[in-house]
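The values are calculated or read from the model by the stated rules, or taken from the named source; none is laboratory data. As the structure is a prediction and not an experimental result, all values here were calculated from the model. Heads up, the Cβs are rebuilt from the backbone with ideal geometry, glycines too, and the neighbour counts pull from every protein chain shown. SASA here: full protein model, heavy atoms, side chains in, ligands and nucleic acids out. Shrake-Rupley method; radii C 1.70, N 1.55, O 1.52, S 1.80 Å.
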Amino acid sequence: MDVFIQTLVAGILIGGIYCLIGIGMSLIMGVMGIINLAHGQLMMVAMYITFVLSAYMHVDPYFSLIVAMPGLFLLGCFLQKYLLNPLMKKESILPENQVLMTVGMGMVLAEICRFIFTSDYKTVKTSYGGQAFFIGNISFNLPMCIAFIFAIVITVVLFWFLAKTDTGRSIRATAQDKEAATLMGVNSTRITIITFGLGSALVASAGSLLIPIFYLFPDIGGPFTLKAFVICILGGLGSTVGAIFGGLTLGIAESLGATYIGMGYKDMVGFLIFVIVLVFLPGGLVGLKRLIKS
Amino acid sequence: MTKRNLALVILGIVFLVFPLVVRSDYYQHLLILAFIWVLIGSSWNLLAGYTGQVSFGHAMFFGVGAYTAGIFVTKLGISAWWGMMFGGIVAMLIGLFVGWVCFRLRGPYFALATLAGGEIFRLIATNWESLTEGMVGILIIQTFRSKLPYYYLALLLAFACVYVMHLIMKSKWGYYFVSIREDQDAAESLGINTTLYKNVSLLASSFFTGMAGAFYMNYMAFIDPEVVFSLHYISIMAILVGIVGGVGTIMGPAVGAFVMVGVQETFRSAFFGLAPKWISQGHAMAFGLLVVFAIMFLANGIVGDWSKIKRYVFRIKPSTI
Amino acid sequence: MSALLELKNLVKAFGGLKAVNNVTFHVEEGEIFGLIGPNGSGKTTIFNSINNYFPITSGDVLYKGKSIKGLKTHKVCHLGIGRTFQVVKPLARMTVLENVTASAFCRVNTIGQAQKEALEVLEFTNLTGEKDKLAKSLPIGGRKRLEIARALATKPEFLLLDETAAGLNPSELDEAIELVKKIRDNGITILIIEHIMKVIMTISDRIHAINFGQTIGAGTPEEVANNEAVIKAYLGEEYAQS
């Protein structure tokens with residue numbers, strides 16, 4: 001029983017951080033209608049920034065958030081403005097132009113990092129790295145708990161931003177109906193740029209928070225991008241609240257998979273969930289909620 | 001004979017004669033690769049360019065075809081050439097399943113699902129070691145020492161594929177595929193069984209890609225999950241071949257195949273040895289930049305913009321290619 | 001004259017909202033039957049229920065006496081029910097001829113036959129001059145005619161026309177009216193949704209009026225025009241009194 005609870009705890013803690021990845025992609029999906037396949041690579045960039053700050057200036061990874069988040073926000077805005085927005089005007093048979101562009105962007109980002117940092121695994125160690133505290137028989141990994149708290153704070157701030165500020169409401173309006181929002185005075189170009197920046201900043205925060213427990217190398221982005229869209233599909237496409245449930249679910253499922261099936265199959269869990277949701281529950285958890293209501 | 005058909009005949013003769021004139025293994029290999037990409041690109045184009053279902057996971061079919069041929073050797077002890085016939089068929093069966101799961105999704109979500117599909121197959125091939133030898137891959141003995149038989153077989157396959165695509169698009173199927181692409185709901189109201197025809201397109205598409213995979217196994221004599229199920233170097237490459245050449249045209253993917261193989265090899269070999277070494281190491285970066293560049297500036301492809309003369313960019317003309 | 005199409009207590013609900021609430025009417029063979037109602041009253045939803053674009057919540061739709069509830073949309077077309085869309089759906093990157101040829105394949109199998117059928121339909125709908133133009137380059141009048149031409153190429157016995165006159169200028173309007181009459185004269189029964197009173201009052205044999213998904217009036221054009229509930233729905237309370 002203890003093992004089960006322990007597994008749950010570990011799953012929830014990491015799930016909380018996965019939420020940040022999922023919410024970021026969900027926002028981008030909602031506003032632009034595209035799947036950002038460079039999501040994981042943006043996180044990778046944030047992780048390298050965190051690594052540099054840690055290795056050369058001994059900055060604690062959690063404090064690197066202050067640098068990584070704004071940095072990725074700017075990078076995201078730049079990418080949207082110069083690479084993605086111009087595509088919206090182009091007429092092409094393939095509607096997935098923007099998605100493809102994100103693939104290209106992701107590759108270039110990964111290769112740039114490989115060029116600078118080589119393919120060697122990098123790690124970031126914190127002084128309190130292995131520490132844990134206990135409640136009963138269950139151990140709570142300290143860095144993970146701190147990361148979890150950060151994740152909650154960031155999520156709350158984000159939701160406040162979306163609900164209470166003008167820009168936030170404009171983002172939500174654009175996500176619901178771009179044309180209507182534009183007719184009501186929302187500058188959709190500016191909003192898409194800000195949203196991509198915001199999504200990037202969110203996944204950057206996840207990167208900084210997760211780096212103490214992952215090895216860093218240029219190809220780390222791919223699996224995280226996949227996790228991001230499993231979370232989005234699980235939660236219900238475009239739903240930021242759904243992404244929270246999706247993130248937690250994925251975290252718990254992976255944890256259970258690692259404990260009871262084996263470490264190697266951890267990544268498969270995500271895919272399995274993906275296929276099951278696609279086949280049986282196309283609306284995701286949010287769709288399930290609606291189904292139960294009616 | 002029209003100017004166009006004449007050009008094609010001349011091209012055909014050039015290809016037929018090429019390996020007898022250019023006796024270098026290296027260049028023959030490049031052309032064989034190009035022919036393989038003609039197969040993959042044309043099949044992808046049928047599903048994505050003509051029917052509007054943009055697959056980001058064509059590696060699924062390629063890898064399944066390749067592994068079918070490989071497993072015939074490792075598990076059944078029979079020649080991988082039998083796998084050529086079955087590679088396409090097995091890929092089609094996979095295609096049916098994929099269609100059942102994925103066609104209920106539209107647009108980017110369909111793309112996503114196929115991308116996940118490709119990755120799932122890669123993971124399966126990596127982990128199901130008893131069937132696929134896992135990361136070790138499958139190594140077989142090459143049937144022919146010389147590249148010539150492979151060259152002519154690849155040329156034949158490529159030519160047959162393009163010709164079949166041409167026939168398909170000139171038929172009722174062709175009209176139906178494009179109708180589905182343009183407006184699936186309207187198509188359905190006009191009596192087109194869209195589910196059926198999307199699956200038909202997928203079956204044809206997966207068949208030829210599967211055959212390409214099986215041929216690859218026979219030709220390269222070595223495959224592993226990272227190579228044949230590669231997201232970037234098979235699935236995305238297939239999309240690029242289609243885009244650069246011209247989506248929604250018959251000759252587009254063929255042109256795209258040659259261009260892409262040429263460009264990739266140029267970087268990989270550092271401009272054929274003429275440029276500094278680090279260019280070669282940057283070939284992955286170059287590929288990424290190529291994606292960005294192609295999407296930004298070449299959205300209609302080479303063949304696509306070629307017909308700017310008539311101001312129609314993507315029309316199917318049943319009476320000509 | 002027998003009922004070709006029959007709606008019995010048709011209900012279509014989206015979640016808790018009943019877009020179509022207990023509508024019953026029948027269309028006789030050879031008629032032009034009009035369906036009117038203010039915006040959002042559920043008219044297009046009725047069409048969508050007939051060809052199963054959306055599944056029916058309850059009630060039934062009968063064609064030639066047999067229920068077609070739940071029949072796949074493309075099969076409904078094969079049965080003989082053609083349909084146009086209110087917001088036109090041209091197959092944009094195909095030419096006008098290709099649009100109609102694609103539809104003709106519903107009844108024939110070779111390209112030669114399909115093109116022949118298509119050319120005849122284009123002649124009928126006065127689109128022959130535009131046959132090689134891309135559908136997306138047509139102005140709204142042409143697009144509406146294309147919409148009809150495509151539906152006609154599937155050789156329907158029953159045609160659902162959804163606001164084919166909206167957005168047309170007066171001369172185009174007259175042409176549209178003539179076209180609808182010509183279609184009926186060729187033996188096709190028509191169920192038409194229309195907003196423009198001139199059109200629907202002049203060509204309909206009978207009219208059914210709905211509002212908020214429910215029937216508020218039915219009968220000949222004169223009867224419906226004088227129906228208090230209908231006037232109120234369109235013009236408001238004050239006009240109803242007079």
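Quick look at the values:
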quantity: Filtered residue count, the stretch B:49-104, keeping only those that are touching a helix residue (DSSP H, G or I) at 6+ places or on another chain (Cβ under 6 Å), assigned to a loop (DSSP other than H, G, I, E, B) and either of a type in the set (D, E, K, R) or on the phi < 0 side of the Ramachandran plot (or both); calculated: 9
quantity: Per-region count, the stretch C:1-26, residues touching a residue at least 40 places away in the same chain (Cβ under 8 Å), open to solvent by 60 Å² or more (accessible area, probe 1.4 Å), in contact with a Leu (Cβ under 8 Å, 6 or more places away or on another chain) and not polar (S, T, N, Q); calculated: 1
quantity: Qualifying residues in the stretch C:69-84 (those that are within 17 Å of the chain's Cα centre (by Cα) and assigned to a loop (DSSP other than H, G, I, E, B)) - the one farthest from the other protein chains (Cβ to nearest Cβ); calculated: C:80
quantity: Filter pass, residue A:130 being within 17 Å of residue A:210 (Cβ to Cβ) and open to solvent by 20 Å² or more (accessible area, probe 1.4 Å); calculated: yes
quantity: Test: residue in the stretch B:67-83 that is touching a residue at least 12 places away in the same chain (Cβ under 8 Å), within 14 Å of chain A (Cβ to nearest Cβ) and within 23 Å of residue B:128 (Cα to Cα); calculated: no
quantity: Count - residues of the stretch A:215-257 that are aliphatic (A, V, I, L, M) and more than 28 Å from residue A:107 (Cβ to Cβ); calculated: 6
quantity: Qualifying positions in the stretch B:121-144 - of a type in the set (Val, Ile, Thr) and either open to solvent by 30 Å² or more (accessible area, probe 1.4 Å) or more than 24 Å from the chain's Cα centre (by Cα) (or both); calculated: B:124, B:136, B:141, B:143
quantity: Which numbered condition residue B:7 fails, given (1) among the small types (Gly, Ala, Ser); (2) more than 29 Å from residue B:94 (Cα to Cα); (3) modelled with pLDDT of 90 or more; calculated: (3)
quantity: Matching residues, the stretch B:231-240, being more than 10 Å from chain A (Cβ to nearest Cβ) and either closer than 13 Å to residue B:55 by Cβ or touching a strand residue (DSSP E or B) at 6+ places or on another chain (Cβ under 9 Å) (or both); calculated: B:234, B:237, B:238
quantity: The stretch B:245-259 - residue that is more than 9 Å from every other protein chain (Cβ to nearest Cβ) and open to solvent by less than 10 Å² (accessible area, probe 1.4 Å) and, of those, farthest from residue A:107 (Cα to Cα); calculated: B:252
quantity: Residues of the stretch B:139-190 that turn out to be modelled with pLDDT under 90 and in contact with a His (Cβ under 7 Å, 6 or more places away or on another chain), as a count; calculated: 1
quantity: Where a residue in the stretch C:93-104 is facing chain B (nearest Cβ under 8 Å) and within 14 Å of residue B:170 (Cα to Cα) and its partner, wherever it lies, is among the polar types (S, T, N, Q) and open to solvent by 10 Å² or more (accessible area, probe 1.4 Å), with Cβ under 7 Å and at least six apart; calculated: C:101/C:115
quantity: Among (1) on the phi < 0 side of the Ramachandran plot; (2) at pLDDT 70 or above; (3) crowded, with 16+ Cβ neighbours inside 10 Å; (4) within 13 Å of chain A (Cβ to nearest Cβ) - the single one residue B:302 does not satisfy; calculated: (4)
quantity: Options C:197, C:94: the member that is more than 13 Å from residue B:189 (Cα to Cα), touching a strand residue (DSSP E or B) at 6+ places or on another chain (Cβ under 9 Å) and crowded, with 16+ Cβ neighbours inside 10 Å; calculated: C:94
quantity: Checklist (1) open to solvent by 30 Å² or more (accessible area, probe 1.4 Å); (2) in contact with a Gly (Cβ under 8 Å, 6 or more places away or on another chain); (3) within 14 Å of chain A (Cβ to nearest Cβ) applied to residue B:104, failing item; calculated: (2)
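So that you can scan it fast, the table gives a plain yes or no per residue for (1) open to solvent by 50 Å² or more (accessible area, probe 1.4 Å); (2) away from chain B (no Cβ under 14 Å); (3) among the basic types (Lys, Arg):
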| site | (1), (2), (3) |
| --- | --- |
| A:36 | no, no, no |
| A:50 | no, yes, no |
| A:54 | no, yes, no |
| A:69 | no, yes, no |
| A:74 | yes, yes, no |
| A:87 | no, no, no |
| A:103 | no, no, no |
| A:106 | no, no, no |
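The rows are residues; the columns are (1) in contact (Cβ under 8 Å) with a residue 24 or more places away in the chain; (2) loosely packed, with under 13 Cβ neighbours inside 10 Å.
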{"position": "A:121", "(1), (2)": "yes, yes"}
{"position": "A:139", "(1), (2)": "yes, no"}
{"position": "A:142", "(1), (2)": "no, no"}
{"position": "A:148", "(1), (2)": "yes, no"}
{"position": "A:157", "(1), (2)": "no, yes"}
